[in-house]
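A quick write-up on the structure given underneath.
No value in this document is a laboratory result; all are computed from the given coordinates. Computed from a predicted structure; not experimentally measured. Using ideal geometry, Cβ is built from the backbone for each residue, glycine included, and neighbour counts are taken over all protein chains shown.
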Amino acid sequence: MQDEVARLGNADFGREFRDGVGGGGPEDPLAWANRCLDLPDEGWAVTGIRFRGRDTARPFVDVVATRDAQNGQAGLLMLNRDLEAERVDAAQ
């Protein structure tokens, strides 16, 4: 989780990720960095833009962690955080 938190609003990470994907999308590196989205009732979610197989035509939003303020529970989603390796997508 420390890696994901370090990517929040991190222009260096955003630039590296943008350049690694190889074009397309916004120039602003912060558009590529993780962000914390406010949810209703003081909840939040840490999210980031990702691409299936690093294909910019196949974007999705990665939800890293969430907090439900109504019940005080937080969820941490750590399925595959390897941003370097090629992805295998069963839907291909």
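Summary of computed values
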item: Contact order relative to length of the range 2-76, as percent, for alpha carbon pairs under 8 angstrom and 6 or more apart; result: 23 percent
item: Built amide H within the under 5 Å cut-off of residue 64, gap 5+; result: 46, 47, 48
item: Loop-located trypsin sites (Lys or Arg not before Pro) in the range 1-81, at most 16 other Cβ atoms within 10 Å (DSSP); result: 81
item: Computed E for residue 41/residue 6 - FRET, C-beta separation, R0 25 angstrom, nearest 0.05; result: 0.35
item: Leading residue at positive end of dipole, the range 2-76 (Cβ point charges), from 73, 9, 33; result: 33
